[in-house]
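Take a look at the structure set out below.
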Amino acid sequence: MINASYNFNTPSFGGYKKVSISKLENYLKEGKNVKEIAALFNVSDGTIYNLMKNFNIKKPQTRNVDNVDNIMRNIVNQNLTLAQMIRITGLTKYAIVKWYKEHFAATPKILQKQEMLTLLQSDLTNKEIAQQLDICINTIKANRQKYKLGSQKRKRESLMNKILEKLHQGLNRFQIAEEIGVSYSTVNKYLRTQK
């Protein structure tokens, strides 16, 4: 037989005995984070989160919308990754993405990818693009392959443009080769394919 007075859903957190709910609320109002509060009560972070959930205690909002707008306007043109923005501003990922969607109709990641694709189509090297966007050079290489903006084709087109530019300036093939830093036969080969 089952004892009818026994409640199967009784929470059994040992931390409940150690934590004063009024002190917990005061610490949150003071701006302490959950990790600091847990250390003060000598309980785990999970215990504090469970208490906040069970007693419906919300963290007080520390930033208003105008403040988020001012913070984001100061850093938006710095080519930062989302992780860097979170670290610098102290804002949540959700707040930053929401602000970007409201002002640019895109997330920071999408905007950075669009900028990277634009730079990949330019004459910049992988290293220069990586430095400009402050991302890993392997990311640039992978995206070059993914979008078929290969380096060989880009280098050939760039070299061809330089050769044609020098040719229009009135230089002969030997002078073009010397100025660009390639051999005479390379200049000759490119000009033959152009005809």
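Every number in this text was worked out from the coordinates using simple rules, so none of it is lab data. This is a predicted model, so every value here is computed, not measured. Every residue, glycine as well, gets a Cβ built from its backbone with ideal geometry; the counts of neighbours run over all protein chains shown.
Take the residue pairs LYS127/LYS162; LYS29/LYS59; LYS93/LYS141; LYS148/LYS189; LYS32/LYS59 and return only those whose Cα atoms are more than 18 Å apart.
Violating the 18 Å Cα-Cα cut-off are LYS127/LYS162; LYS93/LYS141; LYS148/LYS189.
Where in the range 71-174 are there trypsin sites (Lys or Arg not before Pro) that are in a DSSP coil and have at most 16 other Cβ atoms within 10 angstrom of their Cβ?
Here the trypsin sites (Lys or Arg not before Pro) that fit, given the DSSP loop and packing criteria, are LYS148.
Which of the chymotrypsin sites (Phe, Trp or Tyr not before Pro) across the range 104-195 are loop residues per DSSP, with 15 or fewer other Cβ within 10 Å?
Sites meeting the loop and neighbour criteria: TYR147.
Would you mind counting up the charge near HIS103? Only other residues with Cβ under 13 Å from its Cβ, with Lys and Arg at +1 and Asp and Glu at -1.
+1
Between GLU102 and THR125, what length comes free when the chain is fully extended (0.36 nm per residue of separation minus the Cα-Cα distance, one decimal in nm)?
4.9 nm
Read through the labelled values [x] 1.32; [y] 1.09; [z] 0.94 and report the label of the one computed as Rg/Rh (Cα atoms, Kirkwood Rh) from the structure.
The listed entry that was calculated here is [x].
List the equivalent ellipsoid semi-axes of the range 110-183 in whole Å, largest first, each obtained as the square root of 5λ for an eigenvalue λ of the Cα gyration tensor.
Three semi-axes, in Å: 30, 11, 11.
Under a 10 Å cutoff between Cα atoms, tell me which one of MET160, MET72, MET116 has the largest fluctuation in the Gaussian network model of the chain.
Of the options given, MET160 has the highest mean-square fluctuation.
Name the residues of the range 78-102 whose amide N is less than 20 Å from a point 7 angstrom out from the Cα of GLN132 along the C-beta direction?
Residues 78-82 fall inside that zone.
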